[in-house]
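Presented below is the structure to which this report refers.
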Amino acid sequence: YSTASFSQKIGGNVNISMTPSSGTNYFYCWVDWNQDGDFTDTGETIWATTSYTANYSGVIPIPAGQAVGEYRVRFANSWSGTITSCGPAASGSYVDVKLQVTLPPVPTLAATKTDVLCHGGTGSATAVVTDGLAPFTYSWSPSGGTAATSTGLVAGTYTVTVIDAANRTATANVTINE
């Protein structure tokens, strides 16, 4: 590895631009997602250009189900045709860097509502999650179910709790008025 590194949260994208010092090149990027020491597994070739170009901009998408951890990324360019991920390339160069995959920020939660319109009627409330790691589970109390939107709510105060896939929680209160 070189000492270079970068990080991105699960489900995010890393934007990369590659420009050689001169000429036109083929450009490549591989990520060892399963950490088995090679770049030959399905999904590990992120890009491989098929013609010469003066520069290349691409994206490394971090898969939604990827584990938190450190991964090896290999970038390469070739000024004399195609190359493989394992090299060497007499007419190209490689650099390995570290990608730190992180969790998104802890979820935050707000609730929107529709108040009771007529005496004896019901309202509804919806949990709005920001950040966190999907999928989410919801729980409304003292009643209201386990969906993001709770309907049939009589006037009163309700608490919604959300738990993300990393088992982190957030809560919000909402008052349904009549």
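The values are calculated or read from the model by the stated rules, or taken from the named source; none is laboratory data. Here the structure is a predicted model, which means the values were calculated and not measured. Cβ coordinates were reconstructed from backbone atoms using ideal geometry, including for glycine residues, and neighbour counts include every protein chain displayed. For accessibility, only protein heavy atoms count, side chains too; no ligands or nucleic acids. Shrake-Rupley method; radii C 1.70, N 1.55, O 1.52, S 1.80 Å.
Stokes-Einstein diffusion of the range 1-82 at 4 °C, 1.567 mPa s viscosity, Kirkwood radius from Cα pairs, rounded to a whole number: 95 µm²/s.
For the chain, with all protein chains in place and a probe radius of 1.4 Å, 51% of the accessible heavy-atom surface sits on carbon or sulfur. Mean sequence separation of contacting Cα pairs (under 8 Å, at least six apart), scaled by the length of the chain, corresponds to a relative contact order of 20 percent. Which percent, nearest 5, of DSSP beta bridges in the chain are antiparallel? Of all bridge pairs located within the chain, approximately 90 percent are antiparallel.
Overall form of the range 69-118: prolate. Here a/c, set by the Cα gyration tensor axes a ≥ b ≥ c, is 1.5 or more, and a/b is the larger of a/b and b/c. Comparing 34, 132, 20 along the charge dipole axis of the chain, the residue lying farthest to the positive side is 20, per the Cβ-charge model. Note on Kirkwood radius over Cα pairs in Å: of the candidates (1) 19.5; (2) 17.2; (3) 16.3, the value calculated from this structure sits at (1). Look at where the Cα atoms of the range 130-163 and of the range 108-128 average out, and the two centres are 11 Å apart. Accessible area per residue for the chain is 53 Å², calculated with a 1.4 Å probe on protein heavy atoms, without ligands, DNA or RNA. Computed from phi, the 3J(HN,Hα) profile of the range 165-170 under the Karplus parametrisation 6.51, -1.76, 1.60 (θ = phi - 60°) reads 5, 9, 6, 9, 10, 8 Hz, with x in place of Gly and Pro. Amide H contacts of residue 145 (H built 1.01 Å from N, in plane; Pro and chain starts excluded): 140 sit under 5 Å, all sequence-distant by 5 or more or on other chains.
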